Amino acid sequence: MKYYDKLIFELSKKGRTGFSLPENEFCASRNGGVKPAGCLCKALPDNLRRSSDLRLPEVGEVDVVRHYTNLSQMNFGVDTGFYPLGSCTMKYNPKINEEVASMPGLAALHPLQPESTVQGALEVYYNMEKALAAITGMSGFTFNPCAGAHGELTGLMIMRKYHLLRGDLKRNKVIVPDSAHGTNPASAAVCGLDVVVVKSNADGLVDVADLKPLLGDDIAGIMMTNPNTLGLFEREIGEIAKLVHECGGLLYYDGANMNPLLGVVRPGDMGFDIMHLNLHKTFSTPHGGGGPGAGPVGVAARLEHCLPCPRVIREEDGTFTVLHGSEESAGYVSGFMGNFGIILRAYAYILSLGHQNLLLAGKYATISANYIKESLKDCYKLPIPSICKHEFVFDGLINDGAHDDVPGATTLDVAKRLLDFGFHAPTIYFPLLFHQTIMIEPTETESKETIDSFIEVMRKIAAEAAEDPMLLKAAPHNAPISRPDETRAARQPILKYWDA
Ligand SMILES: *Cc1c(COP(=O)(O)O)cnc(C)c1O
């Protein structure tokens, strides 16, 4: 144990401080119990005043600095290492985004300022809506939703509103593929719609034969993502769009992972009517840890009247105005206009890459994923061998080392062992279609050298598993903690040092 592994409470020494100030003339306890005349404490009623001192650790400044610096180094982020977390698009967050978002003229705005004083910010919303419409083939966007799942809910509210406005009251079911991200059925349920599951075929794609009998006049729409959650392109999307539209339903596109499509295909052209984007995935803004996100929702022209307000419009004289609610809008889903700081960062990303480079992002992400898949498929089971998009899944190790009564190494053990080599673990046990899923997404932002060292480590771990699976089962060997009880850590976290 290193000395700084001690908790800051254990380093505490009675009476030690990190500052020195002149005698506090207001505080009675430090003044022999005598309150000087005019003491501010008198302004507070007795029941609001603490009766004993706060039990804070008493340490010097250097201990505080080491405490926080060491804590920060126990964390893992995309700025410290490779983060191949499938379905999450943990791409590098360029520092110019932060630079732009912290400019005082933007960072210090107040949502209640008069429109005439925030014309620049409104122009960002307006231009961003135009950029996203061009990228996706949609007609208009709302920036209200603060996450991908929040965007799904908003999109489904728009879908429901559209049917209701047409007097089509029977449509209360939403079709969701069995490969869908878990948030899809959850959002439909939160929106008060019933979920109907459509099966995947042996190629991992939506089974059109299974879809046909589900379609009818009670279907509000279908939620899909393309490429789907296995990283595979739904080749039958044209046929699926035709069938769903013929039955009067709408197509919702889960665009959380728009990355591989950038500049290649547009959801609008595939026949989708409503979609969300995760700016915190495809457009390089920070995410994780429940921080602020943005899930703007786009719609085709015939649904624009249902978009939530406020929206920014451009007047004939070139000024920008905020449009507030209408009877036909699906309603507000957040205060003001979503997470402006995140929208700004994504706008900076789009402008700094520019048209040409944005077109390359998806292609590089796709090449990186296929390169890893092909380089490892002799060590890890590849259930779906076709060309993938930005991500792909393995189904555990080919040789897990099981022999006699020694159990084989699992996907969890591989993920834990990766931490010893300084890589974040990939997504594991998701999607649920396989038993030992490992889902890898490298993104376009990693160099070939980084990807090669990841491949080398994954091969080394496969060799270790074949030789000595118990080595993997005890991993990680050099992380700050090894294998916590994850359920207890989530359900009964111990967040304070003192019992009382
Ligand atoms: C990440 C993701 C979501 C959810 O996005 P959040 O911002 O985490 O709510 C939805 N669908 C897919 C396919 C995703 O990858």
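Evaluating Leu164 against the criteria (1) assigned to a helix (DSSP H, G or I); (2) buried (at least 21 other Cβ atoms within 10 Å of the Cβ) leaves one unmet condition, (2). Screening the candidates Gly248, Gly293, Gly335 for the property of being touching an Asp or Glu at 6+ places or on another chain (Cβ under 8 Å) and either under 13 Å from Thr142 (Cβ atoms) or in a loop (DSSP other than H, G, I, E, B) (or both) yields one hit, Gly248. Every test in (1) in a strand (DSSP E or B); (2) out of contact with any Pro (no Cβ under 7 Å at 6 or more places or on another chain); (3) surrounded by 23 or more Cβ atoms within 10 Å (Cβ to Cβ) is passed by His276 save one, and that test is (2). When region 210-236 is limited to residues that are assigned to a loop (DSSP other than H, G, I, E, B) and among the small types (Gly, Ala, Ser), the one that is surrounded by the most Cβ atoms within 10 Å (Cβ to Cβ) turns out to be Gly231. Does region 347-371 hold any residues that are within 18 Å of Glu446 (Cβ to Cβ) and either among the aromatic types (Phe, Trp, Tyr) or touching a strand residue (DSSP E or B) at 6+ places or on another chain (Cβ under 6 Å) (or both), and which are they? Tyr349, Tyr364, Ala369, Tyr371 - these are the residues of region 347-371 that are within 18 Å of Glu446 (Cβ to Cβ) and either among the aromatic types (Phe, Trp, Tyr) or touching a strand residue (DSSP E or B) at 6+ places or on another chain (Cβ under 6 Å) (or both).
Taking region 374-395 as the range and being under 25 Å from the mean Cα position of the chain (by Cα) and either among the hydroxyl-bearing types (Ser, Thr, Tyr) or over 21 Å from Arg235 (Cα atoms) (or both) as the test, the residues that pass are Phe394, Asp395.
Output the number of residues of region 2-25 satisfying the condition of being among the basic types (Lys, Arg) and either touching a Lys or Arg at 6+ places or on another chain (Cβ under 8 Å) or at pLDDT 90 or above (or both).
First, the residues of region 2-25 that are among the basic types (Lys, Arg): 2, 6, 13-14, 16.
From what is left, the residues that are either touching a Lys or Arg at 6+ places or on another chain (Cβ under 8 Å) or at pLDDT 90 or above (or both) are 13-14, 16.
Of the residues in region 2-25, 3 are among the basic types (Lys, Arg) and either touching a Lys or Arg at 6+ places or on another chain (Cβ under 8 Å) or at pLDDT 90 or above (or both).
If you go through region 55-75 and keep only what is farther than 18 Å from Asp5 by Cβ and either among the hydrophobic types (A, V, I, L, M, F, W, C) or free of Cβ contacts under 8 Å to residues at least 24 places away in the same chain (or both), you end up with just Leu56.
Selection over region 368-403 of residues that are part of a loop (DSSP other than H, G, I, E, B) and in contact with a Pro (Cβ under 6 Å, 6 or more places away or on another chain) gives a count of 3. Taken over region 131-145, the criterion of being within 16 Å of Cys309 (Cβ to Cβ) and either within 16 Å of the ligand (Cβ to nearest atom) or surrounded by 24 or more Cβ atoms within 10 Å (Cβ to Cβ) (or both) is satisfied by Phe141, Thr142, Phe143, Asn144, Pro145.
Restricting Thr69, Thr89, Thr154 to those that are within 16 Å of the ligand (Cβ to nearest atom) and in a helix (DSSP H, G or I) reduces the list to Thr154.
Consider region 372-390 and keep the residues that are touching a helix residue (DSSP H, G or I) at 6+ places or on another chain (Cβ under 7 Å) and at pLDDT below 95. The one that is farthest from Ile440 (Cα to Cα) is Ile387.
Looking at Val59, is it within 16 Å of the ligand (Cβ to nearest atom), buried (at least 16 other Cβ atoms within 10 Å of the Cβ) and of a type in the set (Val, Ile, Thr)? No; evaluated as a whole, the condition is false for this residue. On the stretch given as region 249-264, residues that are hydrophobic (A, V, I, L, M, F, W, C), more than 13 Å from the ligand (Cβ to nearest atom) and within 26 Å of Leu215 (Cα to Cα) total 2.
Which count do you get for residues in region 167-187 that are within 9 Å of the ligand (Cβ to nearest atom) and assigned to a helix (DSSP H, G or I)?
Kept after step one, since they are within 9 Å of the ligand (Cβ to nearest atom), are these residues of region 167-187: 180-184, 187.
From what is left, the residues that are assigned to a helix (DSSP H, G or I) are 183-184, 187.
Total satisfying the criteria: 3.
Residues of region 410-464 that are of a type in the set (Phe, Trp, Tyr) and in contact with a helix residue (DSSP H, G or I) (Cβ under 8 Å, 6 or more places away or on another chain): Phe421, Phe423, Tyr429, Phe454. Just one of (1) in contact with a helix residue (DSSP H, G or I) (Cβ under 9 Å, 6 or more places away or on another chain); (2) more than 24 Å from Ala134 (Cβ to Cβ); (3) away from the ligand (no atom under 14 Å from the Cβ) fails for Cys306. It is (2). Thr427 fulfils the conditions (1) without any contact (Cβ under 8 Å) to a residue 12 or more places away in the chain; (2) of a type in the set (S, T, N, Q); (3) under 28 Å from Lys281 (Cβ atoms) except for a single criterion, (1).
Does any residue of region 73-81 turn out to be more than 16 Å from the ligand (Cβ to nearest atom), surrounded by fewer than 12 Cβ atoms within 10 Å (Cβ to Cβ) and under 14 Å from Ile8 (Cβ atoms)? Break it down into steps so the answer makes sense when it comes.
So in region 73-81, the residues more than 16 Å from the ligand (Cβ to nearest atom) come out as 73-77, 79-81.
Then drop every residue that is not surrounded by fewer than 12 Cβ atoms within 10 Å (Cβ to Cβ), which leaves 73-75, 79.
If we keep only those that are under 14 Å from Ile8 (Cβ atoms) too, we end up with 74.
Yes, region 73-81 contains a residue that is more than 16 Å from the ligand (Cβ to nearest atom), surrounded by fewer than 12 Cβ atoms within 10 Å (Cβ to Cβ) and under 14 Å from Ile8 (Cβ atoms).
For region 214-229, the criterion of being closer than 17 Å to Ser87 by Cα, within 16 Å of the ligand (Cβ to nearest atom) and hydrophobic (A, V, I, L, M, F, W, C) is met by at least one residue. Pairs, please: C-beta under 6 Å, at least 6 apart or cross-chain, first residue at positive phi and in region 234-261, second of a type outside the set (Phe, Trp, Tyr) and crowded, with 24+ Cβ neighbours inside 10 Å? Filtered contacts from region 234-261: no entries.
The values are calculated or read from the model by the stated rules, or taken from the named source; none is laboratory data. The structure presented is a predicted model; accordingly, all values stated were derived computationally and were not measured. Neighbour counts run over all protein chains shown; Cβ positions are idealised from the backbone, glycine included.
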